[in-house]
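Here is the structure we will look at, set down as C-alpha coordinates.
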Amino acid sequence: MDKTAPASATASLSIPRQRTSKVIAETVKTGIVKSNLIAMFAGMALALYANQLNPLIMIPEIVLATIGSAFVIGAAGTFNNLYDRDIDRVMERTKNRPTVTGVMSLRNGLIFGSALAILGLISLFIASPLAGLFGFLGLFLYVIPYTMWTKRRTIYNTEIGSLSGAVPPLIGWAAISSDMMSPGVLGLFIVMLLWQMPHFYAIAIRKHDEYKAASVPMLPVVKGLRRTYLQTNFYLVLLIAASFLFLPLSLGIVLVALLLSGAWLVLSIVGYHKMDEQKWARVMFIYSLNHMSILFATIILYCIVATVF
(Lines give C-alpha, C1' and ligand atoms only; values in the text may rest on other atoms or scores of the structure.)
Protein backbone atom coordinates (compact mmCIF):
# COMPACT_ATOMS: atom_id res chain seq x y z
CA MET A 1 0.00 0.00 0.00
CA ASP A 2 1.15 3.55 -0.69
CA LYS A 3 2.14 5.20 2.56
CA THR A 4 3.36 8.40 0.95
CA ALA A 5 1.92 11.48 2.63
CA PRO A 6 -0.21 13.78 0.48
CA ALA A 7 1.53 16.65 -1.26
CA SER A 8 0.16 19.16 1.20
CA ALA A 9 1.89 17.23 3.94
CA THR A 10 5.45 17.26 2.76
CA ALA A 11 6.91 20.43 3.87
CA SER A 12 5.69 21.42 7.15
CA LEU A 13 8.46 21.66 9.64
CA SER A 14 6.45 24.28 11.43
CA ILE A 15 3.16 23.66 13.16
CA PRO A 16 0.93 26.70 13.73
CA ARG A 17 1.36 27.77 17.33
CA GLN A 18 -2.30 27.82 18.16
CA ARG A 19 -2.59 24.19 17.06
CA THR A 20 0.62 22.73 18.50
CA SER A 21 -0.90 21.24 21.64
CA LYS A 22 -3.79 19.72 19.67
CA VAL A 23 -1.47 18.29 17.02
CA ILE A 24 0.75 16.70 19.65
CA ALA A 25 -2.24 15.34 21.58
CA GLU A 26 -3.72 13.72 18.48
CA THR A 27 -0.36 12.36 17.37
CA VAL A 28 0.47 10.63 20.65
CA LYS A 29 -3.17 9.66 21.31
CA THR A 30 -3.53 11.24 24.76
CA GLY A 31 -6.64 9.21 25.58
CA ILE A 32 -4.63 6.00 25.26
CA VAL A 33 -1.75 7.54 27.21
CA LYS A 34 -4.05 8.46 30.11
CA SER A 35 -5.80 5.09 30.28
CA ASN A 36 -2.50 3.23 30.21
CA LEU A 37 -1.08 5.47 32.93
CA ILE A 38 -3.97 4.43 35.17
CA ALA A 39 -2.97 0.79 34.59
CA MET A 40 0.65 1.67 35.34
CA PHE A 41 -0.37 3.40 38.60
CA ALA A 42 -2.34 0.29 39.58
CA GLY A 43 0.78 -1.82 39.16
CA MET A 44 2.81 0.66 41.14
CA ALA A 45 0.26 0.90 43.96
CA LEU A 46 -0.02 -2.87 44.19
CA ALA A 47 3.76 -3.20 44.40
CA LEU A 48 3.91 -0.62 47.19
CA TYR A 49 1.20 -2.52 49.07
CA ALA A 50 2.65 -5.99 48.51
CA ASN A 51 6.08 -4.86 49.71
CA GLN A 52 4.76 -2.56 52.47
CA LEU A 53 6.65 0.45 51.14
CA ASN A 54 5.70 4.03 51.99
CA PRO A 55 5.00 5.97 48.75
CA LEU A 56 6.84 8.99 50.18
CA ILE A 57 10.18 7.19 50.09
CA MET A 58 9.62 6.08 46.50
CA ILE A 59 8.80 9.48 44.99
CA PRO A 60 11.77 9.53 42.55
CA GLU A 61 10.78 6.12 41.14
CA ILE A 62 7.12 7.15 40.93
CA VAL A 63 7.90 10.38 39.07
CA LEU A 64 10.37 8.76 36.67
CA ALA A 65 8.05 5.85 35.93
CA THR A 66 5.16 8.23 35.25
CA ILE A 67 7.16 10.43 32.87
CA GLY A 68 8.84 7.47 31.21
CA SER A 69 5.59 5.57 30.71
CA ALA A 70 3.81 8.60 29.26
CA PHE A 71 6.64 9.22 26.80
CA VAL A 72 6.97 5.58 25.70
CA ILE A 73 3.21 5.15 25.26
CA GLY A 74 3.11 8.44 23.33
CA ALA A 75 5.96 7.23 21.13
CA ALA A 76 4.09 4.00 20.38
CA GLY A 77 1.00 6.00 19.40
CA THR A 78 3.08 8.28 17.19
CA PHE A 79 4.75 5.41 15.32
CA ASN A 80 1.38 3.69 14.91
CA ASN A 81 -0.16 6.85 13.43
CA LEU A 82 2.74 7.29 11.03
CA TYR A 83 2.62 3.71 9.78
CA ASP A 84 -1.17 3.66 9.44
CA ARG A 85 -1.51 6.88 7.44
CA ASP A 86 -2.93 5.06 4.43
CA ILE A 87 -5.72 3.22 6.27
CA ASP A 88 -6.40 6.16 8.59
CA ARG A 89 -7.12 8.23 5.47
CA VAL A 90 -9.98 5.86 4.62
CA MET A 91 -11.62 5.71 8.04
CA GLU A 92 -13.98 8.48 9.12
CA ARG A 93 -12.81 8.63 12.75
CA THR A 94 -9.11 8.88 11.82
CA LYS A 95 -9.04 10.78 8.53
CA ASN A 96 -8.29 14.13 10.21
CA ARG A 97 -5.33 12.96 12.27
CA PRO A 98 -2.30 15.25 11.86
CA THR A 99 -0.29 12.39 10.37
CA VAL A 100 -2.95 11.99 7.67
CA THR A 101 -3.49 15.65 6.85
CA GLY A 102 0.24 16.32 6.84
CA VAL A 103 0.24 18.83 9.68
CA MET A 104 2.59 16.35 11.35
CA SER A 105 4.91 15.31 8.52
CA LEU A 106 6.58 11.91 8.32
CA ARG A 107 10.00 13.40 9.06
CA ASN A 108 8.81 15.43 12.04
CA GLY A 109 6.78 12.52 13.33
CA LEU A 110 9.74 10.17 13.23
CA ILE A 111 11.93 12.70 15.03
CA PHE A 112 9.24 13.41 17.61
CA GLY A 113 8.39 9.75 18.21
CA SER A 114 12.04 8.75 18.46
CA ALA A 115 12.75 11.54 20.96
CA LEU A 116 9.80 10.45 23.10
CA ALA A 117 10.94 6.81 22.97
CA ILE A 118 14.54 7.59 23.92
CA LEU A 119 13.65 9.99 26.74
CA GLY A 120 10.93 7.66 28.01
CA LEU A 121 13.16 4.58 28.07
CA ILE A 122 15.95 6.51 29.81
CA SER A 123 13.51 7.68 32.49
CA LEU A 124 12.20 4.15 33.01
CA PHE A 125 15.69 2.69 33.14
CA ILE A 126 16.71 5.20 35.82
CA ALA A 127 13.61 4.31 37.82
CA SER A 128 14.51 0.63 37.47
CA PRO A 129 16.36 -1.32 34.76
CA LEU A 130 13.48 -3.83 34.83
CA ALA A 131 10.95 -1.05 34.23
CA GLY A 132 13.09 0.10 31.29
CA LEU A 133 13.09 -3.43 29.88
CA PHE A 134 9.31 -3.68 30.09
CA GLY A 135 8.97 -0.23 28.53
CA PHE A 136 11.07 -1.33 25.57
CA LEU A 137 9.13 -4.60 25.31
CA GLY A 138 5.78 -2.80 25.27
CA LEU A 139 6.96 -0.35 22.60
CA PHE A 140 8.41 -3.12 20.45
CA LEU A 141 5.31 -5.32 20.69
CA TYR A 142 2.98 -2.47 19.74
CA VAL A 143 5.00 -1.19 16.79
CA ILE A 144 6.41 -4.36 15.20
CA PRO A 145 4.26 -7.47 15.89
CA TYR A 146 0.99 -5.51 16.12
CA THR A 147 1.12 -2.39 13.93
CA MET A 148 3.50 -3.57 11.21
CA TRP A 149 2.73 -7.29 11.11
CA THR A 150 -0.62 -8.60 12.38
CA LYS A 151 -3.01 -5.63 12.27
CA ARG A 152 -3.53 -5.96 8.51
CA ARG A 153 -3.07 -9.72 8.22
CA THR A 154 -5.07 -11.66 10.80
CA ILE A 155 -8.24 -11.60 12.89
CA TYR A 156 -6.00 -12.25 15.88
CA ASN A 157 -4.49 -8.78 15.65
CA THR A 158 -6.40 -7.80 18.81
CA GLU A 159 -4.85 -10.66 20.78
CA ILE A 160 -1.37 -9.70 19.60
CA GLY A 161 -1.99 -6.03 20.37
CA SER A 162 -3.25 -6.92 23.85
CA LEU A 163 0.25 -8.10 24.80
CA SER A 164 1.63 -4.59 24.56
CA GLY A 165 -1.54 -3.18 26.14
CA ALA A 166 -0.97 -5.34 29.21
CA VAL A 167 2.60 -4.11 29.79
CA PRO A 168 1.88 -0.82 31.70
CA PRO A 169 1.00 -2.59 35.00
CA LEU A 170 4.29 -4.50 34.68
CA ILE A 171 6.17 -1.22 34.25
CA GLY A 172 4.54 0.24 37.35
CA TRP A 173 5.27 -2.84 39.41
CA ALA A 174 8.87 -3.15 38.16
CA ALA A 175 9.59 0.48 39.06
CA ILE A 176 8.95 -0.46 42.70
CA SER A 177 9.74 -4.19 43.00
CA SER A 178 11.85 -6.74 41.13
CA ASP A 179 9.72 -9.66 42.35
CA MET A 180 7.82 -10.47 39.17
CA MET A 181 6.46 -13.76 40.53
CA SER A 182 3.98 -12.12 42.89
CA PRO A 183 0.34 -13.10 42.28
CA GLY A 184 -0.55 -9.40 42.34
CA VAL A 185 1.44 -8.45 39.26
CA LEU A 186 0.35 -11.66 37.50
CA GLY A 187 -3.28 -10.78 38.23
CA LEU A 188 -2.94 -7.27 36.86
CA PHE A 189 -1.21 -8.46 33.71
CA ILE A 190 -3.76 -11.18 32.92
CA VAL A 191 -6.78 -8.99 33.73
CA MET A 192 -5.45 -6.22 31.50
CA LEU A 193 -4.68 -8.76 28.78
CA LEU A 194 -8.16 -10.33 28.78
CA TRP A 195 -10.05 -7.03 29.15
CA GLN A 196 -8.82 -5.75 25.82
CA MET A 197 -10.59 -8.30 23.62
CA PRO A 198 -14.21 -7.48 24.61
CA HIS A 199 -13.28 -3.79 24.61
CA PHE A 200 -11.79 -3.72 21.12
CA TYR A 201 -14.33 -6.14 19.66
CA ALA A 202 -17.01 -3.61 20.66
CA ILE A 203 -15.11 -0.85 18.86
CA ALA A 204 -14.72 -3.07 15.79
CA ILE A 205 -18.48 -3.73 15.66
CA ARG A 206 -19.27 -0.03 15.98
CA LYS A 207 -16.79 0.85 13.22
CA HIS A 208 -17.43 -2.27 11.12
CA ASP A 209 -17.89 -0.46 7.81
CA GLU A 210 -14.82 1.71 8.29
CA TYR A 211 -12.57 -1.26 9.06
CA LYS A 212 -14.03 -3.10 6.07
CA ALA A 213 -13.35 -0.14 3.77
CA ALA A 214 -9.77 0.03 5.06
CA SER A 215 -9.32 -3.76 4.64
CA VAL A 216 -8.41 -4.25 8.29
CA PRO A 217 -9.38 -7.85 9.22
CA MET A 218 -11.09 -7.20 12.53
CA LEU A 219 -13.01 -10.17 13.91
CA PRO A 220 -16.54 -8.82 13.24
CA VAL A 221 -15.56 -7.87 9.68
CA VAL A 222 -14.18 -11.31 8.78
CA LYS A 223 -16.17 -13.71 10.96
CA GLY A 224 -19.37 -11.78 11.69
CA LEU A 225 -21.30 -10.76 14.77
CA ARG A 226 -22.15 -14.24 16.11
CA ARG A 227 -18.51 -15.34 16.25
CA THR A 228 -17.57 -12.03 17.88
CA TYR A 229 -20.29 -12.45 20.49
CA LEU A 230 -19.15 -15.97 21.38
CA GLN A 231 -15.50 -14.97 21.52
CA THR A 232 -16.38 -11.95 23.68
CA ASN A 233 -18.12 -14.19 26.19
CA PHE A 234 -15.20 -16.62 26.19
CA TYR A 235 -12.82 -13.86 27.27
CA LEU A 236 -15.31 -12.54 29.82
CA VAL A 237 -15.48 -15.99 31.46
CA LEU A 238 -11.68 -16.02 31.61
CA LEU A 239 -11.76 -12.50 33.07
CA ILE A 240 -14.10 -13.70 35.83
CA ALA A 241 -11.72 -16.57 36.63
CA ALA A 242 -8.74 -14.20 36.65
CA SER A 243 -10.33 -12.25 39.51
CA PHE A 244 -9.18 -14.98 41.90
CA LEU A 245 -5.54 -14.17 41.16
CA PHE A 246 -5.91 -11.25 43.59
CA LEU A 247 -6.98 -13.56 46.43
CA PRO A 248 -3.54 -13.73 48.11
CA LEU A 249 -3.55 -9.93 48.35
CA SER A 250 -7.11 -8.87 49.12
CA LEU A 251 -10.54 -10.50 49.24
CA GLY A 252 -12.07 -7.07 48.68
CA ILE A 253 -10.29 -6.62 45.35
CA VAL A 254 -11.37 -10.13 44.33
CA LEU A 255 -15.01 -9.32 45.07
CA VAL A 256 -14.90 -6.04 43.13
CA ALA A 257 -13.26 -7.76 40.14
CA LEU A 258 -15.79 -10.60 40.27
CA LEU A 259 -18.75 -8.26 40.46
CA LEU A 260 -17.56 -6.09 37.60
CA SER A 261 -16.64 -8.98 35.29
CA GLY A 262 -19.74 -11.02 36.15
CA ALA A 263 -22.01 -8.06 35.42
CA TRP A 264 -20.19 -7.53 32.11
CA LEU A 265 -20.92 -11.13 31.06
CA VAL A 266 -24.60 -10.79 32.00
CA LEU A 267 -24.78 -7.51 30.07
CA SER A 268 -23.21 -9.19 27.05
CA ILE A 269 -25.64 -12.11 27.01
CA VAL A 270 -28.78 -10.11 27.76
CA GLY A 271 -27.83 -7.18 25.55
CA TYR A 272 -27.02 -9.40 22.56
CA HIS A 273 -30.52 -10.84 22.62
CA LYS A 274 -32.38 -7.62 23.47
CA MET A 275 -30.56 -4.93 21.47
CA ASP A 276 -29.56 -4.30 17.88
CA GLU A 277 -25.87 -4.87 17.22
CA GLN A 278 -24.85 -1.21 17.24
CA LYS A 279 -26.56 -0.51 20.55
CA TRP A 280 -25.13 -3.69 22.07
CA ALA A 281 -21.63 -2.75 20.92
CA ARG A 282 -22.01 0.79 22.27
CA VAL A 283 -23.19 -0.46 25.67
CA MET A 284 -20.38 -3.02 25.81
CA PHE A 285 -17.82 -0.36 24.92
CA ILE A 286 -19.04 2.06 27.59
CA TYR A 287 -19.15 -0.69 30.20
CA SER A 288 -15.60 -1.76 29.33
CA LEU A 289 -14.31 1.72 30.15
CA ASN A 290 -16.20 1.78 33.44
CA HIS A 291 -15.01 -1.74 34.28
CA MET A 292 -11.35 -0.90 34.00
CA SER A 293 -11.65 2.55 35.58
CA ILE A 294 -13.51 1.25 38.63
CA LEU A 295 -11.31 -1.82 39.10
CA PHE A 296 -8.02 0.03 38.81
CA ALA A 297 -9.25 2.96 40.91
CA THR A 298 -10.28 0.47 43.59
CA ILE A 299 -6.86 -1.21 43.49
CA ILE A 300 -5.02 2.11 43.66
CA LEU A 301 -7.09 3.54 46.51
CA TYR A 302 -7.10 0.30 48.51
CA CYS A 303 -3.35 -0.18 48.20
CA ILE A 304 -2.45 3.42 49.01
CA VAL A 305 -4.72 3.58 52.03
CA ALA A 306 -3.55 0.18 53.30
CA THR A 307 0.11 1.14 52.78
CA VAL A 308 -0.03 4.60 54.34
CA PHE A 309 -2.39 3.84 57.22
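What to note about this one:
- Size descriptors for the stretch 188-239: radius of gyration and Dmax over Cα atoms are 11.5, 35 Å.
- Packing rank of 123-132, 65-74, 149-158, where each peptide gets the mean count of other beta carbons within 10 Å, highest leading: 65-74, 123-132, 149-158
- Binning the C-alpha pair distances of the stretch 25-116 at 10 Å intervals from 0 yields a P(r) profile of 16, 38, 23, 15, 7, 0 %, listed from the shortest bin outward.
- Rounded to the nearest 20 debye, the dipole size of the chain about its Cα centre is 900 debye, using +1 on the Cβ of Lys and Arg and -1 on the Cβ of Asp and Glu.
- Length-normalised contact order for the stretch 241-309 - Cα pairs under 8 Å, 6+ apart - percent: 31
- Magnitude of the charge dipole for the stretch 216-290, about its Cα centre and with charges confined to Cβ atoms of Lys, Arg (+1) and Asp, Glu (-1), is about 200 debye.
- Within the accessible area of the stretch 198-251, the carbon and sulfur atoms contribute 64%, probe 1.4 Å, all protein chains present.
- Pairwise label distance in nanometres, residue 96 with residue 149, each label 7 Å out on the Cα-Cβ vector: 3.6
- Farthest towards the positive end of the charge dipole of the stretch 57-121, among the residues 96, 116, 60, is the Cα of 96, using unit charges on the Cβ of Lys, Arg, Asp and Glu.
- Length gained on full extension, residue 241 to residue 119: 40.1 nm, using 0.36 nm per residue less the C-alpha separation.
- In terms of distances greater than 29 angstrom between alpha carbons, the cross-link table entries 34/223; 22/223; 34/274; 34/207; 151/274; 22/274 yield 34/223; 22/223; 34/274; 151/274; 22/274.
- Solvent exposure ordering (accessible area, 1.4 Å, most first) of 200, 296, 189: 200, 189, 296
- At R0 = 41 Å, FRET efficiency that the Cβ-Cβ distance of residue 223 and residue 51 yields, to 0.05: 0.40
- In summary, the helical segments of the chain meeting the span-like criteria, namely a full DSSP H run, a Cα extent along the axis of 20 angstrom or more and a mean Kyte-Doolittle hydropathy of at least 0.0, are 30-50, 59-83, 106-127, 183-206, 219-242, 251-274, 277-308.
- Among 255, 37, 204 - extreme Cα towards positive end, dipole of the chain, charges at beta-carbon: 204
- The fraction of Cα-Cα pairs per 10 angstrom bin, counted from 0 for the stretch 45-186, comes to 12, 36, 31, 16, 5, 0 percent, rounded to whole percents.
- Derived from the Cα gyration tensor, the three semi-axes of the equivalent ellipsoid of the stretch 138-179 are 25, 9, 5 Å, largest first.
- Whole-number D in µm² s⁻¹ for the chain, Kirkwood Cα-pair radius fed into Stokes-Einstein, 10 °C, 1.306 mPa s: 79
- Unit Cα scatterers, Debye sum, the stretch 205-309: log10 I(q)/I(0) for q = 0.11, 0.18 Å⁻¹: -0.43, -0.89
The values are calculated or read from the model by the stated rules, or taken from the named source; none is laboratory data. Since the model is a prediction, treat every value here as computed from it, not as a measurement. Reconstructed Cβ throughout: ideal geometry from the backbone, glycine too, with neighbour counts over all protein chains shown. Protein only, heavy atoms only, side chains kept; ligands, DNA and RNA dropped before computing areas. Shrake-Rupley method; radii C 1.70, N 1.55, O 1.52, S 1.80 Å.
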